[in-house]
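Okay, so here's the structure we're looking at.
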Protein chains: 2
Amino acid sequence: MFTPLTYNDVNIINMARRERIPTGQRDSYHHGDLKRALTDAALGLVKEKGPKGFTLREVARRAGVSAAAPYRHFSDKTQLLAAAATLGFIQLHETLSAAAAESADVTEQVLGMGRAYVRWAVTHPDYYQVMFGSELDKGDNPELLTAGLRAFDDLLDAIVRCQAANLLPAGDPREIAGPTWSLLHGMASLTIGTDLSHVGISEDPQVMAERALRRLLFGGT
Amino acid sequence: MFTPLTYNDVNIINMARRERIPTGQRDSYHHGDLKRALTDAALGLVKEKGPKGFTLREVARRAGVSAAAPYRHFSDKTQLLAAAATLGFIQLHETLSAAAAESADVTEQVLGMGRAYVRWAVTHPDYYQVMFGSELDKGDNPELLTAGLRAFDDLLDAIVRCQAANLLPAGDPREIAGPTWSLLHGMASLTIGTDLSHVGISEDPQVMAERALRRLLFGGT
DNA sequence: ACCTGAACACCGTTCAAGT
DNA sequence: ACCTGAACACCGTTCAAGT
């Protein structure tokens, strides 16, 4: 709605949807899709060891390729990480829009998206850390930026629907989306880092998020 | 109030308050305080290059010592980073308690703390990233954990004062502190990562934080 | 008790050379 | 056009040896 799909998005989305080709079935990548194999391996490595244990050489090893090969497809380590983060944002976007589609009540749509946001984050902590914790230069990577914008647009759309129903004050929806996203991101990130539990807060982040959203947006009790 | 000072805290706090001794003035650390010199160098390095460019060998170099020397004082790189993060939490705590002391109105105290929180975070992005972004095992480092708890207690105390004044619902203050901290942390962290501006939100995070806190806590408009 | 020197097993990145 | 091999300048960490 706010950011139309670009040609690159379509590529990325196709990339995400194409079925996985087991890497062992090819004896050579000369005619295969090494770029894809590398992002796949990167995703697996992030899932296994977290963004901290992510190594370009190990990714190359898993793809069955020399340490120098990735440089034909990514200018450096960060760009490969950015590709992984991009796929994460696409998954998050799909999760959010699916959550919004689950109810006809616009209020319940925002709340459901809030729950879905923290649920996805805490069940995919490694992706989430790559997406937000790795000081990726989003300005440096248009595909990553667009994928992030699409996820944000889900939130924005839900807010606009509430405004249209007079359940939220009219005006620039981003003024509402900013604090909303901050709340969700903060909860997700503090939960993943176990900071909340260290401080004696053990509540389910999903119910915590819903309660807080109710107060923040609709003045609920 | 919730977590009394331990012996270690006192050490850390003294460490933070002691005046800096220029490292060049000693020809040998055999009788000096290498541990202190290392944390000083670490702080400087974090400030210059961010947590990503933080290197144990470079820290040792700056302290004028061999690459192996730090291992007499820190079991590994993470523990030195944790020492830096600990000093960050002490600074944050001092900032927050100072902010709370600026007003007699308890409502204004929480709002002022909120503003102070995001202000400190965005003016010390490198510290903030070390404190929250570097997957430091807080359970692994009691001094870090305690320093973090002390900062959190500032928030908790302010909330308790509002409860006592019947401006917030009675009950476990942590149920209110959780979402509050999440909101502030989310705003700080998205601002530092420039995610908010990428999404078209350019509002001053301090005024954004105050407005959102008003709504979240006091049902303000 | 505290530090150095040298070593080990890794990194990210570059570049000539191969096919 | 795409990949390899070898090299470079780094890391974190360990450990015998020095003072």
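What follows is calculated from the coordinates using simple rules that are stated; it is not laboratory data. Remember, predicted model here, so these are calculated numbers, not experimental data. When we count neighbours, we look across all protein chains shown, and the Cβ atoms used for this are built from the backbone with ideal geometry, even at glycine.
Summary table
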{"quantity": "Dipole moment magnitude, nearest 20 debye, chain B about Cα centre, only Lys, Arg, Asp, Glu C-beta charged", "calculated": "640 debye"}
{"quantity": "Choice from B:128, B:117, B:71 with maximal GNM fluctuation in chain B (Cα, 10 Å cutoff)", "calculated": "B:71"}
{"quantity": "Relative contact order computed over chain A (Cα-Cα under 8 Å; 6+ residues apart), in percent", "calculated": "22 percent"}
{"quantity": "Distance violations [Cα-Cα > 27 Å] among B:47/B:138; A:47/B:35; A:35/B:47; A:138/B:35; A:35/A:138", "calculated": "A:47/B:35; A:35/B:47; A:138/B:35"}
{"quantity": "Chain A, closest residue to the rotation axis toward B, by beta-carbon, whole angstrom", "calculated": "A:186, 1"}
{"quantity": "Shape of the stretch B:108-149, Cα gyration tensor, a/c cut at 1.5", "calculated": "oblate"}
{"quantity": "Proximal aspartates and glutamates relative to residue A:52, as straight alpha-carbon distance under 19 Å, when same-chain residues fewer than 8 apart are discounted", "calculated": "A:40, A:76, A:126, A:135, A:137, A:195, B:76, B:126, B:135, B:137, B:140"}
{"quantity": "Residue-averaged beta-carbon neighbours from other chains (10 angstrom radius) around A:195-207", "calculated": "5"}
{"quantity": "Cα-based shape type of chain A, given that a ≥ b ≥ c are square roots of the gyration tensor eigenvalues and the cut on a/c is 1.5", "calculated": "prolate"}
{"quantity": "12 Å beta-carbon shell around residue B:162, net charge (K/R +1, D/E -1)", "calculated": "-2"}
{"quantity": "For residues of B:187-194, the mean tally of beta carbons on other chains within 10 Å", "calculated": "5"}
{"quantity": "Tensor-based shape of the stretch B:124-221 (alpha-carbon gyration tensor, a/c under 1.5 rounded, otherwise prolate or oblate)", "calculated": "oblate"}
{"quantity": "For the protein assembly as shown, radius of gyration divided by Kirkwood radius, i.e. Rg to Rh on alpha-carbons", "calculated": "0.99"}
{"quantity": "Net +/- balance of residues flanking residue B:133 in space, Cβ distance below 12 Å, scoring K and R +1, D and E -1", "calculated": "-2"}
{"quantity": "Theoretical FRET efficiency, 1/(1+(r/R0)^6), r = Cβ-Cβ of residue B:58 and residue A:207, R0 60 Å, to 0.05", "calculated": "0.85"}
{"quantity": "Residue-count net charge about residue A:118 - beta-carbon cut-off 11 Å; Lys, Arg +1, Asp, Glu -1", "calculated": "0"}
